[in-house]
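Undergrad: Structure provided below as structure tokens; questions to follow.
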Amino acid sequence: MDARGLVAALALGASAVQMGTAFLGCSEAPIAAVWREKLLSSQADELVVTSSLSGKPARGLRNRFIDEVEALGEALLPYPLQYSATRALRREAQLQNNSAFMAMWSGQGIGMLTNTDIATLMAGLVTDAENLILRL
């Protein structure tokens, strides 16, 4: 989510990092406004790992859809069938900006998310990472 995590991963031998959630706070990310608002106002303890939306475990913000599917206690379709079966509902929810039925995926670093743009995010990551590496 930030330069400290990036540099730490590289120092431990990683050749790359996955930072998808960091980009969800960027104005260019093609997500519903309500999803971005919820991400920016949430913390990691509000996330859940669930198979209810896609048929395989994934981390995201808990909502009505997840609660209701999990409460059924029924077996889910395997991925990608479950994800395909919920596509129309998720698409309509996104069109209506209705977070109750959207798949609002997120990584654990959600609490560090900032409302920015990609150029600013990348410039900060590069500058901060370079400064940290120099200090090592």
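We did not get these values from a lab; they are worked out from the coordinates using the rules stated. As the structure is a prediction and not an experimental result, all values here were calculated from the model. FYI the Cβ positions are ideal-geometry reconstructions off the backbone, even for glycines, and counts take in every protein chain you see.
Undergrad: Could you give the length gained by full extension between Glu92 and Ile118, i.e. 0.36 nm per residue of separation minus their alpha carbon distance, to one decimal place?
TA: Gain in length upon complete extension: 6.7 nm.
Undergrad: With runs of 4+ DSSP H residues as the only contributors, calculate the mean residue ellipticity of the chain at 222 nm using -39,500 (n - 2.57) per run, divided by the residue total and rounded to the nearest 500.
TA: Helix contribution divided over all residues of the chain: -13000 deg cm²/dmol.
Undergrad: Can I ask one more? Could you tell me which residue out of Gly60, Leu89, Val34 lies farthest along the dipole of the chain toward its positive end? Charges go on the beta carbon: Lys and Arg +1, Asp and Glu -1, centred on the Cα centre.
TA: Leu89
Undergrad: Ok, one more. Given the Cα atoms of the chain, and with Rh set as the inverse mean 1/r over their pairs in the Kirkwood sense, what is Rg to Rh to two decimals?
TA: Checking Rg against Rh, the ratio lands at 1.04.
Undergrad: Something else about it: Just to confirm my numbers, what's the Cα centroid distance between segment 12-47 and segment 64-102 in Å?
TA: 20
Undergrad: For segment 72-136, evaluate the Debye formula with one uniform point scatterer on each Cα (no solvent term) and list log10 I(q)/I(0) at q = 0.15, 0.23, 0.27 Å⁻¹, rounded to two decimals.
TA: Rounded to two decimals, the profile gives -0.75, -1.07, -1.15.
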